[in-house]
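Working notes for the structure below.
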Amino acid sequence: MMSLSDIYICVLNKLDGFNEKNILKAIDLANNDVVETLDDFIDFINFNIEDCRFEDITQPINKETIKKVVEKVLKNKDNIVHYVNPSDGSFPKCLPIEEIEAPSLLKYKGNLENLKRKTILITGSPTVSDNARLASEYIGKVLASGGYNILSTFSNECEEKAIKGCKEVKGVSTFFLPHSLERLTSEEIEVIHSEIDSERSMIISVDDYALANAESIEKACKYSMALADCMIIPQISNTDYIFDHVKKFLKSDKPVYLVRYKTRTIKEYNCIKALESLGVMYLSSNTVLKQIKDTVGEVLI
């Protein structure tokens with residue numbers, strides 16, 4: 001059995017007409033073919049085009065065109081995006097694809113082994129207080145120092161501050177983006193690149209969205225919750241979109257902690273009261289690492 005290399009999948013991604021459905025088809029076809037050299041790859045593409053295997057692609061692609069794309073990809077091979085296909089059994093086992101809508105392809109860069117660690121999602125309100133920012137950064141730092149994988153979707157200030165704390169202690173982190181890896185913002189590039197190169201971090205995407213939108217953020221939240229062993233909330237109100245996600249997380253029998261500090265608004269108090277009845281717990285800054293270890297368990301590597 002042969003598999004299509006990440007480099008050739010990246011090339012397909014840059015050829016006209018190869019949408020995600022056609023790329024997935026090519027990966028499946030390559031399981032029964034031999035695609036080792038560049039000539040093999042060119043023949044493989046054009047044979048299957050002539051055999052009408054690819055949707056809406058009717059004409060063979062010029063060999064020189066393919067060669068030029070391959071050359072460009074090889075020049076940037078350190079930035080190759082890796083693809084994981086759920087149908088071939090290589091999808092990360094920590095993502096329960098039977099419980100959530102599985103992507104046709106999972107794209108990632110960095111160290112996939114990081115997902116074997118216990119993973120903590122630190123998330124909360126889109127706009128937060130100074131206390132919540134400080135708490136997020138401190139908790140991210142403490143848990144990263146303890147070896148936990150800090151998970152972020154880049155969707156709010158709590159997550160950004162948690163990752164900042166994680167970086168300060170050179171901890172392990174995972175970024176789950178609500179858009180394509182090929183379309184990172186300058187902020188995301190600045191935060192991520194050195195961490196990916198160090199293999200302390202990895203970055204995942206399940207969609208080809210050019211920019212994050214309501215649908216892609218919802219999907220990223222769903223997957224990040226599937227990945228996380230525990231959720232920590234520095235700040236929340238019942239008008240936040242994250243409130244509904246917290247309730248779903250609690251229903252999945254995974255622990256949720258609210259950070260304990262005094263300066264809360266009436267809106268936050270009402271939200272906390274509603275969550276307490278569902279099983280949310282309080283997290284103390286003095287005992288955060290012990291509480292997480294007692295609830296989630298020791299880090300798994």
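The values are calculated or read from the model by the stated rules, or taken from the named source; none is laboratory data. Note that the structure is predicted; figures quoted are calculated from it, not measured. Here the Cβ is made from the backbone with ideal geometry for all residues, glycine too, and neighbour counts use every protein chain on show. Keep in mind that these areas ignore ligands, DNA and RNA; they rest on the heavy atoms of the full protein, side chains included. Shrake-Rupley method; radii C 1.70, N 1.55, O 1.52, S 1.80 Å.
A few points about this structure:
- Members of K116/K248; K67/K109; K67/K219; K116/K267; K25/K141; K109/K273 lying beyond 31 Å, as alpha-carbon distances in this model show: K67/K219; K116/K267; K25/K141; K109/K273
- Semi-axis lengths, largest first, of the ellipsoid equivalent to region 190-301 are 26, 20, 14 Å, with √(5λ) applied to each eigenvalue of the Cα gyration tensor.
- Stokes-Einstein D for the chain, Kirkwood Rh over Cα pairs, 10 °C, 1.306 mPa s (µm²/s): 77 µm²/s
- Fraction of antiparallel bridges per DSSP, the chain only, in percent to nearest 5: 25 percent
- Of the trypsin sites (Lys or Arg not before Pro) found in region 151-202, the ones in coil according to DSSP and having at most 14 other Cβ atoms within 10 Å of their Cβ are K170.
- Gain on full extension, evaluated as 0.36 nm per residue between N19 and D51 minus their Cα-Cα distance, stands at 9.7 nm.
- Under 22 Å from K68, Cα to Cα: lysines that are on another chain or at least 8 residues apart: K14, K77
- Where only C-alpha atoms are counted, convex hull volume of region 138-241 per residue in Å³: 100 Å³
- Among the GluC sites (Glu not before Pro) within region 140-207, those in coil by DSSP and having at most 13 neighbouring Cβ atoms inside 10 Å are E199.
- Cα gyration tensor shape of region 1-57, rounded if a/c is under 1.5, else prolate or oblate by comparing a/b with b/c: rounded
- Contour minus Cα-Cα distance for D40 and I266 (0.36 nm per residue): 74.8 nm
- Remark: the chain carries a charge dipole of roughly 1540 debye about the Cα centre, counting +1 on each Lys and Arg Cβ and -1 on each Asp and Glu Cβ.
- FRET efficiency, K290 to R183 (Cβ-Cβ, R0 45 Å, nearest 0.05): 0.65
- Using distinct alpha-carbon pairs, which all enter the 1/r mean, Kirkwood radius of region 120-181 in Å: 11.2 Å
- Under 16 Å from the E199 label point (7 Å along Cα→beta-carbon), backbone N, region 1-28: none
- Overall, region 197-301 carries a charge dipole of about 620 debye about its Cα centre when +1 sits on the Cβ of Lys and Arg and -1 on the Cβ of Asp and Glu, all other atoms neutral.
- When the solvent-accessible area of the chain is split by element, carbon and sulfur atoms take up 49 percent of it, the probe being 1.4 Å.
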